[in-house]
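The values are calculated or read from the model by the stated rules, or taken from the named source; none is laboratory data. Note that the structure is a prediction, hence the values are computed from the model and not measured. Note: ideal-geometry Cβ built from the backbone for every residue, glycine included; neighbour counts use all protein chains shown. Just so you know, the surface numbers come from the protein's heavy atoms only, side chains and all, with ligands and any DNA or RNA stripped out. Shrake-Rupley method; radii C 1.70, N 1.55, O 1.52, S 1.80 Å.
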Amino acid sequence: MLRLENIGITFNAGTPDENTALRDVNLQIEKGDFITVIGSNGAGKSTLYNIIAGTLRATTGKIELETEDGSVRNITNDAEFKRARYIGRIFQNPLLGTAGKMSLEDNMIICSKKGAKGLRISLNNKKREEFRERLKVLGMNLENRLNDNVDQFSGGQRQALTLLMAVMSKPSILLLDEHTAALDPSNADIVMNLTRKFAEEYNLTVMMVTHNMQHALDYGNRLLMMDKGRIIWDIGGKEKANLTMDGIIDKFREIKVNNDALLLR
């Protein structure tokens, strides 16, 4: 569970360049939710992710996270590196999720040990076989390339690997930030299918920002629509399952008018 209460952030407050990027955002994410997040450029999607991950500090509001042991932590003031124990994030750029100049097995051992020392000692035949079995799921023959540096892999291979390593770290919530947008259609389909597979098998809690409206329809049990720093629509269950492309467009137009009127008050 992740709970955001009255989250807001204003940049350059008190100056002519003042910009309120998020306004009174309230959101509760339950364990196992797969939420797709849509909205035009500048709607606040990336800012919301940065607030959750700790890259940015909210100006107002509170963030609480329920971890795997059932305890609830107030993480509002926690630094990004502390939140990384619980919050995973995959970016649009496939190169950001792996260390290119390190071997595949070294990338995976760092992920599984979360940066602990003595990595070479831990790399025994049993651990390598475990990695091979995990990599087979990707269907990319990476299980036979444990000694290759990751910068030899394609963008699709690196993004699939990043997704696998994120799952291995067992995050309380996984943030996907347009994680297939930079891939060709074939690799994008592979990574999206893996995303669904891992989410279902491991009961992951996922938020996925996307500009692909078909993905927004086809994936997840909830959909959030953002505009001008607000969540203007939050639907799930049968309502989302029955949603169509025309329905998204019509609803956006309808709610945007109301949101614009609210901001002008």
Q) How many nm separate the modelled label positions at residue 17 and residue 93, each set 7 Å beyond the Cα in the direction of the Cβ? A) 2.2
Q. For labels at residue 189 and residue 26 in the simple 7 Å Cα→Cβ model, what's the distance in nm?
A. 4.3
Q) Hey, what's the chain come to in accessible area per residue, 1.4 Å probe, Å²? A) 50
Q.
Under 5 Å between amide hydrogens, which residues at least 5 positions from residue 89 or on another chain qualify, with H placed 1.01 Å from N in the peptide plane?
A. 175
Q) How much of the accessible area of segment 148-265, in percent, comes from carbon and sulfur atoms when a 1.4 Å probe is used? A) 48
**Q.** Prolate/oblate/rounded label for segment 71-215 (Cα gyration tensor, a/c 1.5)
**A.** oblate
Q | Rounded to the nearest 10 Å², the accessible area of residue 244 at probe 1.4 Å | A | 70
Q) Rounded to the nearest 10 Å², what accessible area does residue 219 show when all protein chains are kept and the probe is 1.4 Å? A) 20
Q: Once you've got the Cα coordinates, tell me which of 45/256; 228/251; 62/240; 197/238 are over 19 Å apart.
A: 62/240; 197/238
Q.
Probe radius 1.4 Å, ligands and nucleic acids left out: which of 218, 148, 246 has the largest accessible area, and how do the rest follow?
A. 246, 218, 148
Q: Provide 211, 179 ordered by accessible surface of protein heavy atoms (probe 1.4 Å), highest first.
A: 211, 179
(Q) Contact order normalised by length for the chain, with contacts defined as Cα pairs under 8 Å and 6 or more residues apart; what percent is it? (A) 26
